[in-house]
Amino acid sequence: MNTARGAAFSVGLTGGIGCGKSTVAELFASLGATIVDTDAIAHSLTAPLGAAMPAILAEFGPDFATPDGALDRARMRSLVFADAGARGRLEAILHPRIRDATAAAAAIATGPYVVYAVPLLIESGTWAERVSRVLAVDCSEDTQVARVMQRSGLSADQVRAIMATQVTRAQRLAAADDVIDNDDGLEALFPQVKRLHERYLALSM
C-alpha cells in the first residue's frame, strides 16, 4: 500500500472501456464509500456554460461547440483520435481543472474512504501515485467489445480503436494492487466489492 500521501485512505478505480467501472463504483457507493468520478467532472466542465468551454473554444474554435454551448463530443473525439497533438492540447485544458475539482470533492467527502473513478488512471502517469491503492476492474477483451457495441452502437473496429488508445489489459493488471473480475455479471460482482470494501475499511482506520 502506498502511504506517501498522509492519513486519508483512497482507492483509484480504473479499467478499460466496457469493463464496468461505473457499476463497480455504484456498488462501493451503496456500501458507503465516497465516489469522485473524473468522467462526471469532465462532463460538467464541458457542459453548456462549463468552466472549461471558454478555453476549449479559444483553442479549437467555435465549431467544437454544440448549439447549446456544450462541447461537441463526437467532433472532438474524431479529432483527438486522429491527432495526438490535439489530444495533448485538450488534456492541457481539462486535466488541471479535473485535478482541482477532484481535490475539492475529496475535501468534503463524508465516507470512510474515497474511491476515485479514473478511466485513464494508469495512462495518466500520476494518478497511481496519488492514491493508497489501485483497483482494476477486469474482463476479457471480447466482453469489452460486446458491451460497448451494445450500449453505444459502435462497430467492433471502432471499439477496438478506442481500446488501442488505452494501456493493455496486462499492463493494467500489472499496475493494480487489487482486481475485480467482471466477466460474469452483477451476482458475481457484489461479493467481490463487499470483500474489498471490508478490507478498505480496515485499512482506512
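When a 1.4 Å probe is rolled over the protein heavy atoms, the share of accessible surface on the chain that falls to carbon and sulfur comes to 55 percent. Look at the alpha carbon pairs under 8 Å that are at least 6 residues apart: their mean separation over the length of the chain gives a relative contact order of 36 percent.
Using C-alpha pairs below 8 Å separated by at least 6 residues, the relative contact order for the range 37-110 is 32 percent.
Select from the chain the helices, each a whole stretch of DSSP H, whose alpha-carbon atoms run 20 Å or more along the helix axis and whose Kyte-Doolittle mean is at least 0.0; answer none if there are none.
84-107
Ligands, DNA and RNA are left out, and with a 1.4 angstrom probe the accessible area of the chain is 51 Å² per residue. Please compute P(r) over all alpha-carbon pairs of the range 37-110, binned at 10 Å starting from zero, and give each bin as a whole-number percent. Cα pair-distance distribution for the range 37-110, in percent: 19, 52, 23, 6, 0. Counting Lys and Arg as +1 and Asp and Glu as -1 over every other residue whose Cβ lies under 9 Å from the Cβ of A176, the net charge comes to -1. Ordering of 107-119, 61-73 by packing is 107-119, 61-73, highest average first (other Cβ atoms within 10 Å, averaged per residue). Give, as ranges by residue number, the residues of the range 117-161 whose backbone N falls under 19 Å from the point 7 Å along Cα→Cβ of D178. Counting backbone N atoms under 19 Å from the label point, the list is 117-122, 127-139. For the range 49-187, the square roots of the Cα gyration tensor eigenvalues, ordered a ≥ b ≥ c, give a/c of at least 1.5 with a/b no greater than b/c, which places it in the oblate category.
The values are calculated or read from the model by the stated rules, or taken from the named source; none is laboratory data. In this text, all values refer to a predicted model and were calculated from it rather than measured experimentally. Cβ atoms come from the backbone with ideal geometry, glycine included; neighbour counts cover every protein chain shown. Side chains included, ligands, DNA and RNA excluded: accessible areas come from the protein's heavy atoms. Shrake-Rupley method; radii C 1.70, N 1.55, O 1.52, S 1.80 Å.
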